[in-house]
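Okay, structure first, notes after.
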Amino acid sequence: MGGSLNANHFMFLLQGALWTVGLSAIALVGGGIVGFIIALCRISPNAIVRIMSAGYVQLIQGTPLLVIMFLSYFGLPAIGIPISPLAAASASLTIYVAAYLGEIWRGCIESVPRPQWEAAEGLALSRTQRMAKVILPQAIRIATPPTVGFMVQIIKNTSLASVVGFVELARSGQIINNSLFEPFLVYSIIAVVYFALCYPLSRLSRRLERHGGPGRLELEAA
Amino acid sequence: MNLNLDFGAILERWPMFLDGAILTLQLASLATILGAVIGILGAIGRRSRNPVIVRICGIYVEAIRNTPLLVQIFLVYFGLASLGLKFSAFAVAALALTINVGAYATEIIRAGFDSIPRGQIEAAEGLALSRTQIYWHIVLLPAIEKVYPALTSQFVLLMLASSVTSQISAEELTAVANFVQSDTYRAFETYILVAVLYILLSLIMRLGFWLLGLAIFPRRRRLRTAL
């Protein structure tokens, strides 16, 4: 057997955990930007834009993230586009997260009560003004709990970046296990670290859901 | 960048892809059926009068929902091995997926239970229905009917997530793809084809669940409301 768990292993795991957080942040920002565009496209007055964005969502939601990951890491070099593990993982997660966040946020925008849209129109606001000044500020409040909840999914899904050799938490566990041969112990520790990252977000999401968004919390505090 | 796609070598191996797709569907169906059973038991457990059972079900749900499937699969795989138990990759994959989806199903079905108005149960008691009758007709069936769309999307997500079991060499669709791409050096075409197959599989599952919904919830059909 290859020795016992020591401080170096924990430093390595910590580094992996930091990369998991970093990759999650990249996926959230990238997926958030693309997802926001998708959400706006899904409610566009232009039918072609609506159909294209709906098609994107259907395609991505019908494909496993793992296959998207393999497609970008092994598929792109095969057709002459070299790509690093970090770039492949970031691109795959962005594409994947955008489809889900886009759909969540579309629901939130559409759940802003109808009279708000009509009132904004009655005040002769342009479409852009209506979106930016009336609808989105209210939609953001509705969107906060499910978005925080989805961040848990993002963190968990970054574990799939390990299959393209990107050294995040799950991969650093595999590497340590290759020298220790204590798979159950190592993966238990990995699971605990993931839990420590995800559980606070799950709790926060549920708390926000009960209190109806961050704005409401501030009001209650005041 | 010279883009010359050649699906010929890939499509030649269609029997392998078919086998992989069938295995993926088998994994998904097995985990769906067992996961639904665990979900119902777990949801009943979370509403139990015994605080220990409530706590155990709560810990199960939170532990599974806050850790990645990949890590769960490794834990089941190596956990069983360290206990000296030898199972096939398929059995381990099915077990890990069942444990995983069971937790999500528990949470979804519990939400269904919570949505049953107290008055319904009181009315049923007033009509002198037995405890079993109340549980079956007034609580369980209407609860599942309410959360049926959420539950079935979770099962479709499970089918997609079963791709992760390729990492413990279960011979499902993604594992077949990995083999074919290393054999043909046509990675891009292989994974495009597999993505299309997964989309087809998820459409098949959605159609299946829709038909199943028509069969088990006749009230919906009569009321002509969408599921």
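The values are calculated or read from the model by the stated rules, or taken from the named source; none is laboratory data. Since this is a predicted model, take the numbers as computed values, not measurements. Please note: Cβ atoms are built from the backbone with ideal geometry, for glycine as well, and neighbour counts cover all protein chains shown. When the accessible area is computed, the model is the full protein with side chains, heavy atoms only, and any ligands, DNA or RNA have been set aside. Shrake-Rupley method; radii C 1.70, N 1.55, O 1.52, S 1.80 Å.
Suppose we filter segment B:172-192 for residues that are more than 10 Å from every other protein chain (Cβ to nearest Cβ) and under 25 Å from the mean Cα position of the chain (by Cα); how many remain?
3
From B:Ile59, B:Ile99, grab the single residue that is more than 10 Å from every other protein chain (Cβ to nearest Cβ), farther than 18 Å from A:Gln153 by Cα, at pLDDT 95 or above and open to solvent by 40 Å² or more (accessible area, probe 1.4 Å).
B:Ile59
Could you list, in sequence order, the residues of segment B:93-134 that are in a helix (DSSP H, G or I), aliphatic (A, V, I, L, M) and more than 30 Å from B:Ile73 (Cβ to Cβ)?
Residues of segment B:93-134 that are in a helix (DSSP H, G or I), as a first pass: B:93-114, B:118-126, B:131-134.
Subset that is aliphatic (A, V, I, L, M): B:93-97, B:99, B:101, B:103, B:105, B:108-109, B:111, B:121, B:123-124, B:134.
Within segment B:93-134, B:Ile121, B:Ala123, B:Ala124, B:Ile134 qualify.
Please note which helices (runs of 4 or more DSSP H) are completely contained in segment A:6-118 and include at least 3 residues that are within 30 Å of A:Val186 (Cβ to Cβ).
A:7-42, A:65-70, A:85-110
Within segment B:62-96, take every residue that is out of contact with any Phe, Trp or Tyr (no Cβ under 7 Å at 6 or more places or on another chain) and aromatic (Phe, Trp, Tyr) and give me the one that is surrounded by the most Cβ atoms within 10 Å (Cβ to Cβ).
Filtering first and then ranking leaves B:Tyr77.
Within segment B:194-208, track down each residue that is among the aliphatic types (A, V, I, L, M), touching a helix residue (DSSP H, G or I) at 6+ places or on another chain (Cβ under 7 Å) and either facing another protein chain (nearest Cβ under 9 Å) or within 21 Å of A:Pro82 (Cα to Cα) (or both). Walk me through it before giving the result.
Going through segment B:194-208, the residues among the aliphatic types (A, V, I, L, M) turn out to be B:194-197, B:199-201, B:203-205, B:207.
After this cut, where a residue has to be touching a helix residue (DSSP H, G or I) at 6+ places or on another chain (Cβ under 7 Å) as well, the list is B:194-195, B:197, B:199, B:201, B:205.
Listed by number, the residues that qualify are B:Val194, B:Ala195, B:Ile199, B:Leu201.
So, of the residues in segment A:192-222 that are at pLDDT 90 or above, surrounded by fewer than 21 Cβ atoms within 10 Å (Cβ to Cβ) and touching a Ser or Thr at 6+ places or on another chain (Cβ under 6 Å), which turns out to be farthest from the other protein chains (Cβ to nearest Cβ)?
A:Leu208
Give just the number: which of (1) open to solvent by 10 Å² or more (accessible area, probe 1.4 Å); (2) away from every other protein chain (no Cβ under 14 Å) does A:Val112 not satisfy?
Unmet condition: (1).
Of all the residues that make up segment A:175-190, how many are at negative phi and surrounded by fewer than 21 Cβ atoms within 10 Å (Cβ to Cβ)?
Of the residues in that region, 11 qualify.
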